[in-house]
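This report refers to the structure that appears directly beneath it.
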Amino acid sequence: MADIWIMRIGHRPQRDKRVTTHVALSSRALGARGIYVDTPDPVLEENIRSVVHRFGGDYSIKTGVRWQDATKGFKGKVVHLTMYGQRVDEALPKIPKDENIMVIVGAEKVPPEVYQRADFNVSIGNQPHSEIAALAIFLYLYTGGKHLYEQREGGEMTVIPNERGKTVVRDD
């Protein structure tokens, strides 16, 4: 499978810091390679880099990136998650797995140009819901959930799933 990149549009640092953090964390956990965020936010960058340092893996974040610039030179397909798009079960078979994809996730009203730029406008249901949920469902379906329990290189700690309790192994 090729690389998955996320483009977060409309991030408002004072209002959306937790939501955008969760967009980044969910995408990382479900196999994305990195995230671009349109608004500069050094605190968000620091928080996500801290998670990568502690839990490992190869995930990057860059804020202050206009969606037009991120998509202009992107070599791959652009997938826009929107309530108004094609049903995910109909769109998924058309989205290549051997090409990089960039998934656009909006925070506020998305400009009409995004719909035109996207190779795929995909809906996760037809009811209002969270962009975090939409992204998680899309990535889980797109990757078959294969990244949920993978071990990541270079972290300081590993969480071991178990029925009861918390098991964290420090990788010194």
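Summary table below
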{"read-out": "Angle between the chain longest axis and helix 42-55 axis [Cα atoms, degrees, rounded to 10]", "value": "50 degrees"}
{"read-out": "For the range 8-48 and the range 93-136, distance of Cα centres in Å", "value": "16 Å"}
{"read-out": "Helical contribution to [θ] at 222 nm, DSSP H n ≥ 4, -39,500 (n - 2.57), averaged over the chain, rounded to 500", "value": "-10000 deg cm²/dmol"}
{"read-out": "Helix 131-143 vs. the chain, principal-axis angle (Cα, 0 to 90°, nearest 10)", "value": "80 degrees"}
{"read-out": "Pairs from Lys75/Lys109; Lys17/Lys75; Lys17/Lys109 whose Cα-Cα separation, in the structure shown, is over 21 Å", "value": "Lys75/Lys109; Lys17/Lys75"}
{"read-out": "Other-chain or far-sequence residues with amide H under 5 Å of Ile124's (modelled H)", "value": "Thr82"}
{"read-out": "Other-chain or far-sequence residues with amide H under 5 Å of Val65's (modelled H)", "value": "Val37, Asp38, Thr39"}
{"read-out": "Degrees between helix 13-29 axis and first principal axis of the chain (Cα, 0 to 90, nearest 10)", "value": "70 degrees"}
{"read-out": "Dmax and Rg, reported as Rg then Dmax, of the range 4-170 (C-alpha, Å)", "value": "15.9, 49"}
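Bear in mind these aren't lab numbers, they're just calculated from the coordinates by the rules spelled out. This one's a predicted model, so the numbers in the text were calculated from it and none came from an experiment.
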